[in-house]
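Undergrad: Starting off with a structure, shown below.
The values are calculated or read from the model by the stated rules, or taken from the named source; none is laboratory data. It should be emphasised that the depicted structure is a prediction, and the values quoted were computed from it without experimental measurement. Cβ atoms come from the backbone with ideal geometry, glycine included; neighbour counts cover every protein chain shown. Surface accessibility is based on the protein's heavy atoms, side chains included, excluding ligands, DNA and RNA. Shrake-Rupley method; radii C 1.70, N 1.55, O 1.52, S 1.80 Å.
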Amino acid sequence: MPRESFMIALRSVLFNTIFYANLIIRMIVLSPYYFLVPRKIAYAIPKNWARSNHWLMRVIVGTTFEIEGLENLPDGSYILAPKHQSFWDTYALLPWLKDPVYILKRELMWIPLFGWYAKKQRMIPVDRGARGKVMVEVLKRTKEELSTGRQLIIYPEGTRRPPGAEPLYKYGIARMYRDLNLPVVPVAMHPGLFWPRRSIHRYPGHFKVRILPPIMPGMDPDAFFAHLIEVSERASDELLLETVAQNPYLPLPPTAVERLVELRKLNAATG
C-alpha cells in the first residue's frame, strides 16, 4: 500500500474511533447536566459536540470547510433543506442554527441515550411508511414546535445520495412548504466526497457549504418543487466543479466522475 494511502487509512481509523468515543463519553458524562437544565440551555451540549467533531476532522484527517451565505438564514422559523450525502451533514450546521428540530425515524428514538437526548429536544419521530392520521399528527407536532421560533431541518431527497448522483427529491418537502407556510432555505455541499457513505475512509481537503437565498412562502407547491430542485442542483453542480478543482487528488465516486464529464461537456458546448 502506498504511504499516502496507508496514512489516510490510519487517520480514518483513528478519527472514527475518537469520533464515536467522543459521542458516547459526552452523552454519559454530561447526562446529569443535560437532563436537569432547561431544554434550550441543554442544546449547547450537542452543538459543542458538533464543534468538537469539526476540530477532530481538521486535526486528524486534515479536512476543513467554510460556510457561505449565513446571511441568507431568516430570523425565526424556516425550513432548512440541505443536500444529504453523509453522516457529517446531519450535525455539521448545528452550531449556526438557533433551535433546530428534526423529523426522525422513530427507530432512532429507541436507541439508549441518543433517543433520550433527542426526546429532550422534542425531536419528532415518524414511521417512514406511515400514512393518514399518523402524518396528520406529525404535521401537528411540527407546527407546534415551529410556532415557538424553531427551525425545521428536512433532507429533500430523504436519504443519503452519493455526490453527483441523479437527484431524487421527494414531494413531501412541497407539502411541508405549503402546509407550514414558511421560507425554505436550500443548502448545497459535498461532504460525501470527504466522508463517503458506507465507507470507513475520511479524506483530507477543503470544501464549501453554500446556503442559498430562501424561497419565500406563497408559491404553488408544484412550482416550488421544480424551483427547489433547479436552484439546489445548479448550486450543487457549481460546487462539485469547484471542489474537485481545489482538491485534485481526491478519489471520486463513479457518480461524481460521470457528472463531471457531463458538466464539462455542457460548459464546452455553451462556451
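Undergrad: How large is the dipole of the chain about the Cα centre if only Lys and Arg carry +1 and Asp and Glu carry -1, each at its Cβ, rounded to the nearest 20 debye? Don't skip to the end; give the middle numbers.
TA: Working: 36 positive and 24 negative charges, 219 e Å.
For the chain, the charge dipole is close to 1060 debye.
Undergrad: Pick out the long, greasy-scoring helices in the chain: whole DSSP H runs spanning 30 Å or more along their own axis by Cα, mean Kyte-Doolittle at least -0.5. Before the final figure, lay out the partial values.
TA: Numbers: long enough: 3-29 (38 Å, 1.13); 221-246 (37 Å, 0.18).
Going by DSSP H runs, the hits are 3-29, 221-246.
Undergrad: Separation between the T17 and W116 pseudo-spin-labels, each 7 Å from Cα along Cα→Cβ, expressed in nm?
TA: Placing both labels 7 Å along Cα→Cβ, they lie 2.8 nm apart.
Undergrad: Continuing with the same structure: In the chain, what percent of the accessible surface is made up of carbon and sulfur (1.4 Å probe, ligands and nucleic acids excluded)?
TA: On the way: 8540 of 13880 Å².
Carbon plus sulfur share of accessible area: 62 percent.
Undergrad: Another one. Which net charge results when you count Lys and Arg as +1 and Asp and Glu as -1 among the other residues whose beta-carbon is under 12 Å from that of R160?
TA: Working: positive: K83, R161, R197, R198; negative: D89, E157.
So the environment of R160 carries a net charge of +2.
Undergrad: Amide H neighbours of V185 under 5 Å, counting only residues 5+ apart in sequence or on other chains, H built in-plane at 1.01 Å?
TA: I79, L80, A81, I215
Undergrad: Between (1) 19.9; (2) 18.9; (3) 18.4, which matches Kirkwood radius over Cα pairs in Å calculated for the structure shown?
TA: Computed from the coordinates, Kirkwood radius over Cα pairs in Å corresponds to (1).
Undergrad: Using label points projected 7 Å from each Cα along Cα→Cβ, tell me how many nm separate E233 and Y33, to one decimal.
TA: Roughly 4.6 nm, to one decimal.
Undergrad: Once amide H atoms are built 1.01 Å from N in the peptide plane, which residues 5 or more positions from I67, or in another chain, come under 5 Å H to H?
TA: V209
Undergrad: As an exercise, identify the trypsin sites (Lys or Arg not before Pro) in region 20-121 lying in DSSP coil whose Cβ has no more than 14 other Cβ atoms within 10 Å. Walk me through the numbers before you get to the answer.
TA: On the way: sites: R26, R39, K40, K47, R51, R58, K83, K98, K105, R106, K119, K120; in loops: K83, K98.
Answer by residue number: K98.
Undergrad: Separate question: Loop only by DSSP, 12 or fewer other Cβ within 10 Å of the Cβ. Give me the chymotrypsin sites (Phe, Trp or Tyr not before Pro) in region 125-234 that pass, ordered by residue number.
TA: Details: sites: Y169, Y171, Y177, F194, F207, F224, F225; in loops: Y169, Y171, F194.
Filter output for region 125-234: Y171.
Undergrad: Only four residue types carry charge here, +1 at the Cβ of Lys and Arg and -1 at the Cβ of Asp and Glu. Report the dipole size of region 1-92 about the Cα centre in Debye, rounded to the nearest 20.
TA: On the way: 9 positive and 6 negative charges, 80 e Å.
I would put it at about 380 debye.
Undergrad: Okay, next question. Cut-off 19 Å, label point 7 angstrom out along Cα-to-Cβ of A44: give me the residues of region 75-104 whose amide nitrogen falls inside.
TA: Of the residues in region 75-104, 94-100 have backbone N under 19 Å from the label point off A44.
Undergrad: On to the next question. Excluding residues fewer than 8 places away in the same chain, name every one of the lysines whose C-alpha is closer than 17 Å to that of K120.
TA: K40, K47, K98, K105
Undergrad: Another one. With a 1.4 Å probe and every protein chain left in place, work out the accessible area per residue of the chain in Å², rounded to a whole number. Please list the in-between numbers first.
TA: Working: 13880 Å² over 271 residues.
Using a 1.4 Å probe on heavy atoms only, each residue of the chain averages 51 Å².
Undergrad: Now for a separate question. Convert each backbone phi in region 70-84 into a coupling constant with the Karplus relation 6.51 cos²θ - 1.76 cosθ + 1.60 (shift: θ = phi - 60°), then list the ³J(HN,Hα) values in order as whole Hz, x for Gly and Pro.
TA: 4, 5, 7, 6, x, 6, x, 8, 6, 10, 8, 10, x, 5, 10
Undergrad: Roughly how many Å is it from the Cα centre of region 1-70 to that of region 106-177, as a whole number?
TA: Distance between centres, Cα-based: 23 Å.
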